[in-house]
Amino acid sequence: MPWITTDAHAESRLSGDTIRVLSESLSTTAYTNSAGGTHSFYSYPARFHPEVARDVISAFSRRGSWVLDPFMGGGTSIVEGLTLGRRMVGIDINSLAHFVSDVRTQPLSPADEDSVRRWADRAAVRLVDPDLSWVELAGIRNLPRATELFMAGALQLAADMLPRRRAFARAALLRLGQWALDCRDFSAPRRSRLAERLPAYVDDMILGLREFVASCRESGISKNAITGHRMLLHRSAAGIDRDSRIRSLRSKPRLVFTSPPYPGVHVLYHRWQYRGRRETPAPYWIANRTDGAGLSYYCGGSRTPTGIRNYFEMIVSAFSSVARVLHRDGTVVQIVGFSRVAEQLPLYLTAMEQAGFYEVRSSDLHDDRIERRVANRKWYAKLQGDVDAATEYLLIHRLR
Ligand SMILES: C[S@@+](CC[C@H](N)C(=O)[O-])C[C@H]1O[C@@H](n2cnc3c(N)ncnc32)[C@H](O)[C@@H]1O
């Protein structure tokens, strides 16, 4: 039996095959948007590779059972879980994460598709007009003028659409905005280029959503049943055991699969950057969601010693709540990285213990844990100062 635990009385039901699959899957290098389905909708920072999510969810849960991601981000696990026939609960304090996960798992009817296509075509024609005096600018910080004008006009043109269609239109604008600000050009694209791209993105996203619906159907979830198979909550993971919506679940989740913020690693979950440094709150404006919290809020604490202490308190409190909603035989699988691994990994494991878990480890692996080098990931490259070479760990825990 290759798996050992730090707790002598616990039985292990994990096989050597599982270790091999997870190690291989975690060593997948590229984090791209080419995964198909609705993964191209939004580049949420620090997102899972869809394949890793698939492998973990397949290995540790069954069709029809509930899987919880208490730090869901852009909803990779939610999308993959649904396409595998699971019921998914996703939680995040970021309203943008909630918005993106919602649109990515909300099927459209043929009439919805027609409507958003017509909107995109109309926007593409109207917004290249030299006279845009009808467009009301919102004065969004650090958004190039042509991009803001285009977005503001397109949002105005979407004003009368049904809510589901308008949400999809907003998601298409988010994708367009990410592309516009990420452009390798020295300047942001002109309106004509935005106008060219919007209908193409809408088409591509409609196809992605259809692909997602088809995969769900193959796994036994019909189009009409998809939204009933997922619960997305905009709130903190801490205290979820007292949330009546979670308490209303018919059965307890047997798998928690997640990736919390990493201690001391600051990622811009809530801002886009223009020219690689100027931050804009544009995504909240486009998605029409609440903004207002600072960077440390989404990262679990600042990088000061007090901030790192707050981070670990957040982990204890979030996972204590998770422990109370998890099935007695359930498993927590998470991917975590550290800015200073030697110091922080033990603190992290202690926090999990305080929350009521023991770690499951493998004697097949040379240092007992599945890990992955992530030297090329963008946010590590941007970090300043004293940061360990980036390694992410796949940690597996069970209830004590
Ligand atoms: C590493 S990201 C998750 C990315 C996700 N796995 C994906 O594939 O997109 C961590 C997320 O945790 C969220 N977060 C931070 N503190 C939280 C808390 N106390 N409760 C719930 N979510 C929190 C952040 O907003 C962020 O979206």
Can you spot a residue in segment 276-283 that is assigned to a helix (DSSP H, G or I) and either out of contact with any strand residue (DSSP E or B) (no Cβ under 8 Å at 6 or more places or on another chain) or farther than 25 Å from residue 334 by Cβ (or both)? yes
Given (1) farther than 20 Å from residue 219 by Cα; (2) modelled with pLDDT of 90 or more, number of the condition residue 9 does not satisfy: (2)
Expected output for segment 250-263 (first residue closer than 10 Å to residue 72 by Cα, partner within 12 Å of the ligand (Cβ to nearest atom) and polar (S, T, N, Q), Cβ below 7 Å, 6+ apart or cross-chain) is 257/77; 258/334; 259/334; 260/334
Filter segment 85-134 for residues that are in a loop (DSSP other than H, G, I, E, B) and of a type in the set (A, V, I, L, M); which is nearest to residue 251 (Cα to Cα)? 93
Residue check, residue 293 against (1) of a type in the set (A, V, I, L, M); (2) assigned to a helix (DSSP H, G or I); (3) within 12 Å of the ligand (Cβ to nearest atom), all met but one. Which one? (2)
Lone qualifier among 338, 312 - being over 18 Å from residue 257 (Cβ atoms), buried (at least 18 other Cβ atoms within 10 Å of the Cβ), hydrophobic (A, V, I, L, M, F, W, C) and at pLDDT below 95: 338
When you look at residue 262, is it hydroxyl-bearing (Ser, Thr, Tyr), surrounded by 20 or more Cβ atoms within 10 Å (Cβ to Cβ) and part of a loop (DSSP other than H, G, I, E, B), yes or no? yes
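Looking only at segment 41-66, filter to residues that are aromatic (Phe, Trp, Tyr) and more than 15 Å from the ligand (Cβ to nearest atom); which one of those is farthest from residue 259 (Cα to Cα)? Even if it seems obvious, please write down each step before you answer.
We begin by selecting, within segment 41-66, every residue aromatic (Phe, Trp, Tyr); these are 41-42, 44, 48, 60, 66.
Then drop every residue that is not more than 15 Å from the ligand (Cβ to nearest atom), which leaves 60, 66.
Numbers: 60: 16, 66: 17 Å.
Once the filter is applied, the top-ranked residue is 66.
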Picking from 69, 102, which residue would you name as being near the ligand (Cβ under 9 Å from one of its atoms), of a type in the set (D, E, K, R) and closer than 17 Å to residue 42 by Cβ? 69
Among the candidates 295, 232, single out the residue that is under 18 Å from the mean Cα position of the chain (by Cα), under 24 Å from residue 392 (Cα atoms), hydrophobic (A, V, I, L, M, F, W, C) and not assigned by TED's automatic domain parsing to the domain that holds residue 149. 295
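Do you know which of the residues in segment 230-256 that are among the polar types (S, T, N, Q) and either under 15 Å from residue 65 (Cα atoms) or surrounded by 16 or more Cβ atoms within 10 Å (Cβ to Cβ) (or both) is nearest to the ligand (Cβ to nearest atom)?
Applying the filter and picking the extreme gives 236.
The values are calculated or read from the model by the stated rules, or taken from the named source; none is laboratory data. The structure displayed is predicted, hence computed values, not measured ones. Positions of Cβ are generated from backbone atoms using ideal geometry, with glycine treated the same way; all protein chains shown enter the neighbour counts.
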